[in-house]
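This report concerns only the one structure given below.
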Amino acid sequence: MKIYFHLSVEEFTNSYVVVNENPAVKQAIIIDPGKISPDIIQQIEDGGYNLTTVLITHNHYNHVRGLTTLRKIYSPQVYAADYDIVGTKAIVLNGDGKLTLAGLPISYFSVPGHSFDSMVYKIGNVLFTGDTVTSGIIGETTSQYSKKLLCDNIREKIFSQTDDTVIMPGHGPPTTVGAEKLYNLDMHPTDSEGRQG
């Protein structure tokens, strides 16, 4: 397995191409197709990969708008917690579970809070978190209830992974579970005197 990172500078969103290099498979997955650049298409074509799957972490337009372009070129299956992704009917994922896609075992976790449909995908030792967790912070929420829900889900489903598990977020640089346990500001609020709680 190889993972390729692509940044859309227009939206400052991350997209990832995950490939199974096994000659008997040669398939690719795209996670959060925010913008499909010529580099992404060339990477798939030059590598001789069959794009079989798109995984959506959450249905926010800046993370999914490239799906329209992708579907003009390829016919991937789309997996998400929301049925309608920019006019594409997705295979709906509920709760937590496991799949095998592009010959790779994939775990998925429902982590609502930033959005009702937020999903995290684990492939190998890598978590693709969308906007659930970004280096040093959590995703924006609309209420204290949503924030508590998100923090509880992060503790249960993300912080339960090994410290060396890599986090590939929807925005910003990669991080690790261990680093977020220690330094994530939203997961370690301070009281009025500046002490960590």
Given a 1.4 angstrom probe, I'd like the percentage of the accessible area of the chain that is carbon and sulfur, rounded to a whole number. 52 percent
Using the crude model of +1 on Lys and Arg Cβ and -1 on Asp and Glu Cβ, and no other charge, please compute the dipole size for segment 57-112 relative to its Cα centre, in debye to 20. 220 debye
Between F12 and K98, with labels modelled 7 Å along Cα→Cβ, what's the label distance in nm to one decimal, could you check? 3.8 nm
Might you tell me the accessible area per residue for segment 1-120, computed with a 1.4 Å probe and given in Å²? 45 Å²
In nanometres, what is the gap between the two model label sites at D152 and N125, each 7 Å from Cα along Cα-to-Cβ? 3.2 nm
Number of Lys pairs (Cα under 23 Å; 8 or more positions apart or on different chains) in the chain: 25
Using a basic spin-label model with each label point 7 Å from the Cα along Cα→Cβ, how many nm lie between E140 and Q43? 2.7 nm
Return the label of the correct value of mean projected area of the Cα convex hull in nm², as calculated from the structure shown, out of (i) 10.0; (ii) 14.1; (iii) 11.1. (iii)
Per-residue HN-Hα couplings for segment 100-108 [Karplus 6.51, -1.76, 1.60; θ = phi - 60°; Hz; x = Gly/Pro]: 10, 10, 6, x, 10, x, 10, 9, 10
Under 5 Å between amide H atoms, partner at least 5 residues away or on a different chain: which partners does L51 have, H built in plane at 1.01 Å? A28
Assign unit charges at the C-beta atoms only (+1 for Lys and Arg, -1 for Asp and Glu), then state the dipole size of the chain relative to its Cα centre in Debye, rounded to the nearest 20. 420 debye
Looking at T162, T142, G95, which one has the Cα that reaches farthest to the positive end of the dipole of segment 87-177 (charges on Cβ: Lys, Arg +1; Asp, Glu -1)? G95
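The values are calculated or read from the model by the stated rules, or taken from the named source; none is laboratory data. Predicted model only: the values in this text are computed from it and were never measured. No Cβ is skipped: glycine too gets one built from the backbone with ideal geometry, and neighbour counts run over all protein chains shown. All accessible areas refer to the heavy atoms of the entire protein, side chains included, with ligands and DNA or RNA removed. Shrake-Rupley method; radii C 1.70, N 1.55, O 1.52, S 1.80 Å.
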